[in-house]
Amino acid sequence: MSARMTLTAWLTAALALSAPALAAPLDRGRGPYHVVIETDPGLPRQTLYRPANLAALGKARLPIFVWGNGGCDNVSNRYRYFLTDIASRGYLVLALGHLGPGAVEHGWPEENPTLPTTPIDVTAPANSYPEDMKQAIDWAIAQNGAAGSPLKGHVETGRIAVAGHSCGGLQALTLAASDPRITTTLMLNSGVWSLGSGGLPGAAKVTKDSLKQLHGPIVFINGETDVALPNAKDDFSRLNGVPAFRAERKGVAHSGTYWLPHGGAFATVTAAWLDWQLKGDPRAASWFAGADCRLCTDPRWTVERKNIP
């Protein structure tokens, strides 16, 4: 693989992975729950990450966190450390794609891909789509009421987050703009392109106008040298009427921190946002709200806020 890659080559490398196998023992995550990774016949295009012992939840229920992969890929365990950490904190994680080879868990093809300078064909085939996110949500809600389902009574069906890395973030925005069930949106190393229609294969319908359709809070998490950072900044500047937060981590590129232990700083901030938006945790809110919010005063982060006191 060359040292520099066009976006097309980068996506091709991501989409070419297959053959299930895990690279290492399961990362426990930093939350109180051990995590199990599962597949289900009723959910053939997704993988579940959830607390293994549902009885340990007591009266608590699992909010839903749906994840889209970079490159609109269909291999979920590329983000295993990150997703396991989120699930260990008491979330039902539904990640697009199957379990791929263990090698995918060691990083992204390139920290910062070379982006094309002319519009690309957003209608080209992809391995996952926003409809796969919707299917995952439909399934989780149905399982919460299904007789005999291990998840029966354990899912917080009114608290739903959609999120994704790069192209996966565009998938999340696509669904959030059209599905009233979505509580909050997280775009990691992502932003609608200012080139062409704004989308990518796998997220063909997203445009800058999708931002106008949001009805709930949104957070952008990028790296300081992230090639998607200009798109995220432009998206943030266009938002009005919904709470919005933009966080930019120094020394981080488009590849984020997903392959650091427990998913690194991006998992920490993602979990704090989820705990605030989906669980109402005031300690988590202090990461984002207030004049001396935790991220506001951390020199490793550059932040912007709208409609957040």
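The values are calculated or read from the model by the stated rules, or taken from the named source; none is laboratory data. Since the structure is predicted, the reported quantities are computational estimates derived from the model, not experimental observations. Neighbour counts run over all protein chains shown; Cβ positions are idealised from the backbone, glycine included.
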Practice item. Could you tell me whether any residue of region 119-128 is surrounded by fewer than 24 Cβ atoms within 10 Å (Cβ to Cβ), at pLDDT 95 or above, more than 18 Å from L170 (Cβ to Cβ) and aliphatic (A, V, I, L, M)? Key: no
Exception for V303 within (1) closer than 17 Å to I86 by Cα; (2) assigned to a strand (DSSP E or B); (3) out of contact with any helix residue (DSSP H, G or I) (no Cβ under 8 Å at 6 or more places or on another chain) falls at (1)
Residue pairs qualifying under the 7 Å Cβ cut-off, at least six apart or on distinct chains, with the first in region 292-309 being more than 21 Å from G256 (Cα to Cα) and touching a residue at least 24 places away in the same chain (Cβ under 8 Å) and the second being assigned to a loop (DSSP other than H, G, I, E, B) and among the aliphatic types (A, V, I, L, M), are K306/L239; N307/V242; I308/A289
**Request:** Might you let me know whether region 34-42 holds any residue that is crowded, with 17+ Cβ neighbours inside 10 Å, at pLDDT 95 or above, within 22 Å of the chain's Cα centre (by Cα) and not in a loop (DSSP other than H, G, I, E, B)?
**Result:** yes
Of those in region 91-113 that are part of a helix (DSSP H, G or I) and of a type outside the set (V, I, T), the residue surrounded by the fewest Cβ atoms within 10 Å (Cβ to Cβ) is H106
Checked D209, D226 against criteria (in contact (Cβ under 8 Å) with a residue 12 or more places away in the chain and not polar (S, T, N, Q)); the one match is D226
Expected single match for under 21 Å from the mean Cα position of the chain (by Cα), modelled with pLDDT of 95 or more and not β-branched (V, I, T) among L57, L92 is L92
When region 241-280 is checked residue by residue, the ones that are crowded, with 20+ Cβ neighbours inside 10 Å, outside any helix (DSSP H, G or I) and on the phi > 0 side of the Ramachandran plot are G256
